[in-house]
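Here's the structure we're looking at; comments come further down.
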Amino acid sequence: MDLVVNKVNLNGMIDVPSDKSISHRSIMFGAIAQGKTTIKNFLRGDDCLSTLKAFKDLGVKIEDDGETITVYGTGFSGLKQAKQAIDVGNSGTTIRLIMGILAGAPFTSQLFGDHSIAKRPMNRVMLPINQMGAKCSGHDGTEFPPLTVEGTEKLQPINYQMPVASAQVKSAILFAALQAQGESVVVEKEKTRDHTEDMIRQFGGEISVSGKEIRISGPQKLVGQEVIVPGDISSAAFFLVAGLIIADSRIVLNNVGLNPTRTGIIDVIEQMGGKLTIEETGSMANKAGTLTVETSELKGIEISGEIIPRLIDELPIIALLATQAEGITIIRDAEELKVKETNRIDAVANELNKMGANIEPTDDGLIIHGKTPLHSAKVTSYGDHRIGMMLQIAALLVKDGTVELEKAEAISVSYPRFFDDLNKLYR
Ligand code: S3P
């Protein structure tokens with residue numbers, strides 16, 4: 001499709017879509033808890049709908065009246081073998097977290113997804129859950145989906161030093177640990193998003209976290225709750241950057257979730273000199289706020305180390321931000337970008353360089369030389385929602401000609417209303 005180009009004056013207010021990570025988990029916790037869970041502001045994007053469908057396939061009663069989703073959980077033991085293989089679509093969070101849940105089920109499940117899922121590494125979850133007693137294997141002896149998960153009701157606890165910084169892997173282990181007999185200890189490589197830990201507590205479970213060390217005992221019973229999903233800072237990120245780099249702009253983003261394990265992009269914007277104000281609206285336990293950005297003069301910085309998991313999904317749009325900053329921005333320690341929906345190091349460098357950026361891909365990140373004007377080009381999302389949205393924001397800077405985006409439909413994975421929201425800002 002042809003993207004929107006040549007914009008100045010983005011002005012207005014957006015209610016950002018609901019948080020993808022929390023939406024997935026709300027269905028999962030609802031399913032494994034006892035009793036009714038109601039979910040408000042569930043993200044009806046393709047990925048979260050894959051999770052919803054997966055749990056229906058596993059025999060969980062789930063109702064959707066268009067506003068509230070109600071999950072009638074009957075505990076881990078209420079899950080039933082699906083009649084067919086479970087399709088996770090494009091969703092890494094669905095497949096990896098379900099592996100941890102199914103590790104303790106007394107039946108065998110098959111999991112598969114799209115072309116991208118078939119290339120995503122699964123050993124990272126397979127190894128720990130197999131160590132706990134499940135039997136999970138990939139396609140033709142590889143670690144890749146389609147996967148078979150043979151669960152066991154006799155899961156053993158685990159003492160696990162995580163080799164990768166990944167909230168999906170951590171969450172899968174925690175779901176398995178909730179079903180194991182005894183105390184598990186998980187030590188993170190770097191602290192990652194902690195929605196699973198928060199929701200274990202919210203659903204009446206016990207978990208203790210001290211720095212990067214997490215202790216959790218099983219088996220535990222959880223109780224259904226009311227979940228209100230906040231807006232997704234990872235979706236807000238596209239309009240935060242748009243407001244900073246498009247001339248004469250001011251954008252207000254309402255109800256953005258501000259869990260501190262997710263707010264690395266705010267730190268980066270502040271360090272680069274961006275004009276950003278935050279008005280906190282949520283409670284201490286569920287931090288949220290209204291974010292306002294304005295066109296800014298920006299400078300290049302280094303982004304590395306412990307901040308990386310706090311902004312891992314925002315790095316493609318941060319790379320675009322850096323193309324509009326004076327000087328060099330260096331992103332290091334982000335090798336995980338290579339195993340996202342696509343190789344995001346290559347995708348960002350290839351596609352933005354086609355538009356005139358000066359970006360060197362490295363083994364674990366990107367070196368971005370700013371500030372560069374961008375011009376028309378034919379680009380692709382590689383089927384990756386975040387690459388697609390980043391390229392649309394980049395296209396706004398193009399003065400003449402067209403920017404044609406292949407595989408634009410991927411955007412509905414996390415932000416089905418993306419183009420409508422963009423449209424509201426320049427009418
Ligand atoms: C997610 C964790 C991250 C993130 C993904 C969502 C989650 O993946 O990139 O979009 O909800 O746990 P990794 O665990 O692979 O870093």
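The values are calculated or read from the model by the stated rules, or taken from the named source; none is laboratory data. What you are looking at is a predicted structure, and each value in this text was computed from that prediction instead of being measured. Note: ideal-geometry Cβ built from the backbone for every residue, glycine included; neighbour counts use all protein chains shown. Side chains included, ligands, DNA and RNA excluded: accessible areas come from the protein's heavy atoms. Shrake-Rupley method; radii C 1.70, N 1.55, O 1.52, S 1.80 Å.
Key figures for this structure:
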read-out: Verdict on GLY273 being of a type in the set (Gly, Ala, Ser), more than 16 Å from the ligand (Cβ to nearest atom) and closer than 24 Å to LEU425 by Cβ; value: yes
read-out: Subset of the stretch 206-244 [open to solvent by 10 Å² or more (accessible area, probe 1.4 Å) and among the small types (Gly, Ala, Ser)]; value: SER208, SER210, GLY211, SER217, GLY218, GLY224
read-out: GLY59, sole failed condition from (1) under 23 Å from the mean Cα position of the chain (by Cα); (2) closer than 24 Å to ASP114 by Cα; value: (1)
read-out: All positions within the stretch 177-201 that are surrounded by 20 or more Cβ atoms within 10 Å (Cβ to Cβ) and more than 15 Å from the ligand (Cβ to nearest atom); value: ALA177, LEU178, GLN179, ALA180, SER184
read-out: Subset tally (residues that are without any contact (Cβ under 8 Å) to a residue 60 or more places away in the chain and assigned to a loop (DSSP other than H, G, I, E, B)) for the stretch 299-326; value: 3
read-out: Every pair of residues 6+ apart whose Cβ atoms lie under 9 Å, when the first sits in the stretch 97-112 and is without any contact (Cβ under 8 Å) to a residue 24 or more places away in the chain while the second is of a type in the set (Val, Ile, Thr) and surrounded by fewer than 24 Cβ atoms within 10 Å (Cβ to Cβ); value: none
read-out: Of residues in the stretch 258-296 being over 18 Å from the mean Cα position of the chain (by Cα) and assigned to a helix (DSSP H, G or I), the one surrounded by the most Cβ atoms within 10 Å (Cβ to Cβ); value: MET272
read-out: Residue match in the stretch 307-317 (condition: touching a strand residue (DSSP E or B) at 6+ places or on another chain (Cβ under 9 Å), away from the ligand (no atom under 13 Å from the Cβ) and not assigned by TED's automatic domain parsing to the domain that holds THR94); value: no
read-out: Flag if ALA247 is open to solvent by 20 Å² or more (accessible area, probe 1.4 Å), modelled with pLDDT under 95 and aliphatic (A, V, I, L, M); value: no
read-out: Odd one out for ALA325, checked against (1) more than 22 Å from ASP248 (Cα to Cα); (2) of a type outside the set (D, E, K, R); (3) touching a strand residue (DSSP E or B) at 6+ places or on another chain (Cβ under 6 Å); value: (1)
read-out: Residues that are within 21 Å of VAL88 (Cα to Cα) and among the small types (Gly, Ala, Ser), drawn from the stretch 17-51; value: SER18, SER21, SER23, SER26, GLY30, ALA31, GLY45, SER50
read-out: Among residues of the stretch 65-94, those that are away from the ligand (no atom under 16 Å from the Cβ), under 21 Å from the mean Cα position of the chain (by Cα) and closer than 19 Å to HIS115 by Cα, counted; value: 2
